[in-house]
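What follows is one structure encoded as structure tokens, with my remarks underneath.
The values are calculated or read from the model by the stated rules, or taken from the named source; none is laboratory data. Remember, it's a predicted structure, so these values are computed and weren't measured experimentally. Reconstructed Cβ throughout: ideal geometry from the backbone, glycine too, with neighbour counts over all protein chains shown. These area figures cover heavy atoms from the full protein model, side chains too; ligands, DNA and RNA do not enter into them. Shrake-Rupley method; radii C 1.70, N 1.55, O 1.52, S 1.80 Å.
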Amino acid sequence: MIKSVSGLIEKELFGKKVLLRVDFNVPVADGKIIESYRIISVKETVDYLASRGAVVAILSHITAIKSFKPLVGQIKETLGRDLKFIPGSNIGPDITANLKLAESGKIFFLENVRQNPAEEANDENFAKELAANFDIYVNDAFAVCHREHASLSAITKFLPSYGGLLLMKEIEHLTKAIEMPREGKTLILGGAKVNTKFPVIKNFLNKAENILIGGAVANVFLKAKGIAIGESLTDDSFLEDAKNIINSKAGIIIPEDYIESECMILDIGQKTTAEFSEIIGKSKVIIWNGPLGRIETPELAHGSESVAKAITNSKAFSIAGGGDTIVLIRKMNLMDKFSYISTGGGAMLNFLAGKSLPGLMALNHNG
Ligand code: 3PG
């Protein structure tokens, strides 16, 4: 059982130094954050801790750029909070000095934790040094819990550890979607990364009534059926799996028509869009990860846009996730129309595939 930070009362938090691991691994263009859903999603936890008098240090990784420095202003604005950025190392005397002088309720923001190679090595010494400046550890970084890294895993050996409000919400909603009855359950998968989708398909063969496939994943199935896919994005290492799944007569539905250009399949076609929308309309629970076409090109976003509309027009309990899927949903102003939007990409898919996530395991064992 993961202990939620919501179980900690003011007396247990006041004046305590809390290391809050979040996932602010956001897309950046021209030095600006272009999708801040992951940031706004942890505001509740930041507010919870700060309003109970904890001294909070927010810690994250980012891959788009090396340092968080140019993004601090935007992060402050998104959280509606004054943050003090501590550049440089996440460990050692500088952090100690800053925390020592801090008044209760003060919020710090630390530098990209992956600047230190010890993070990805899940190095225990690094975790111990990181922990040395704090009294409590809170993991609100569900989106990176599929990584066995020091600030997610080893750290829990050195501090009383809790799940943040967002992390608990993610587990609750995804678990609900997995456990709801098979009848009326529809899984929609697309996107370019085939290897992250097949484990989910396999886990849902007997958990979902319908599995609607688009994107590069669909190309694997089309090829497995002997259909010429030209230069389309695919992954031949899953061809055998695709053949077995087709033969199993599970509820897999692959595109019957598609939009093609330059010898590539780039979106689902009109008939498929209509068929997918009809199934969605009858569904009771819908889980969606990955666009069905190359949505960066507006003419190739029709399939995904129609699916998004069909989901939000339905009465189903709906969950969506994945970076590109969120960008599309945001563009269409449909963020509030889903029952839940996961901050996870790879983590969401691993959870749906039934895999254990190292970051969650660590909280289970040491929390
Ligand atoms: C993500 O964006 O999926 C997580 O932040 C993990 O990032 P990573 O793939 O660089 O480990």
Report task. Within segment 217-233, track down each residue that is out of contact with any strand residue (DSSP E or B) (no Cβ under 9 Å at 6 or more places or on another chain) and surrounded by 13 or more Cβ atoms within 10 Å (Cβ to Cβ). Result -> LYS223, ALA224, ILE227
Query raised in the report: Can you find a residue in segment 158-172 that is among the basic types (Lys, Arg), under 19 Å from the mean Cα position of the chain (by Cα) and open to solvent by less than 30 Å² (accessible area, probe 1.4 Å)?
Result: no
Query - Where a residue in segment 336-354 is under 14 Å from ALA143 (Cα atoms) and its partner, wherever it lies, is near the ligand (Cβ under 9 Å from one of its atoms) and not in a loop (DSSP other than H, G, I, E, B), with Cβ under 7 Å and at least six apart - result: SER342/MET348; THR343/ARG38; THR343/ALA143; GLY344/ALA143; GLY345/ALA143; GLY345/GLY323; ALA347/ALA143; ALA347/VAL144
**Report entry** Selection from segment 336-361 of residues that are within 19 Å of GLU172 (Cβ to Cβ) and more than 16 Å from the ligand (Cβ to nearest atom)
**Finding:** ASP336, PHE338, SER339, TYR340, GLY354, SER356, MET361
**Report entry** Members of segment 13-71 found to be among the polar types (S, T, N, Q) and away from the ligand (no atom under 14 Å from the Cβ), listed by number
**Finding:** THR45, SER51, SER67
**Report entry** Residue list for segment 237-250, filter: under 26 Å from the mean Cα position of the chain (by Cα) and surrounded by fewer than 19 Cβ atoms within 10 Å (Cβ to Cβ)
**Finding:** SER237, ASP241
Report task. Could you tell me whether any residue of segment 257-269 is over 21 Å from ALA228 (Cα atoms), away from the ligand (no atom under 16 Å from the Cβ) and surrounded by 17 or more Cβ atoms within 10 Å (Cβ to Cβ)? Result -> no
Query - Those residues of segment 173-192 which are open to solvent by 10 Å² or more (accessible area, probe 1.4 Å), aliphatic (A, V, I, L, M) and either within 21 Å of ALA242 (Cα to Cα) or assigned to a helix (DSSP H, G or I) (or both), in sequence order - result: ILE178, ALA192
Query raised in the report: Taking segment 305-329, which residues are touching a residue at least 60 places away in the same chain (Cβ under 8 Å), open to solvent by less than 20 Å² (accessible area, probe 1.4 Å) and not in a helix (DSSP H, G or I)?
Result: ALA316, ILE319, GLY322
Query raised in the report: Looking at this structure, is LEU166 within 16 Å of the ligand (Cβ to nearest atom) and touching a residue at least 24 places away in the same chain (Cβ under 8 Å)?
Result: yes
Query raised in the report: Given the conditions (1) closer than 17 Å to GLY214 by Cβ; (2) away from the ligand (no atom under 16 Å from the Cβ), which single one is not true for ASN289?
Result: (2)
Query raised in the report: If a residue has to be more than 18 Å from ARG294 (Cβ to Cβ) and open to solvent by less than 30 Å² (accessible area, probe 1.4 Å) to count, how many in segment 207-216 make the cut?
Result: 3
Query raised in the report: Inside segment 122-157, can you point out the residues that are more than 18 Å from the chain's Cα centre (by Cα) and acidic (Asp, Glu)?
Result: ASP123, GLU124, GLU129, ASP135
**Report entry** Lone qualifier among ASN195, ASN244 - being touching an Asp or Glu at 6+ places or on another chain (Cβ under 7 Å) and either outside any loop (DSSP other than H, G, I, E, B) or aliphatic (A, V, I, L, M) (or both)
**Finding:** ASN195
Report task. For segment 77-112, name all the residues that are among the β-branched types (Val, Ile, Thr) and either crowded, with 19+ Cβ neighbours inside 10 Å or within 16 Å of the ligand (Cβ to nearest atom) (or both). Result -> THR78, ILE91, ILE95, ILE107
Requested in this report: State the number of residues belonging to segment 317-353 that are over 15 Å from the mean Cα position of the chain (by Cα) and within 19 Å of LYS185 (Cα to Cα).
Outcome: 5
Query raised in the report: Which is more than 16 Å from the ligand (Cβ to nearest atom), open to solvent by 10 Å² or more (accessible area, probe 1.4 Å), of a type in the set (S, T, N, Q) and over 26 Å from PHE14 (Cβ atoms), of GLN115, GLN74?
Result: GLN74
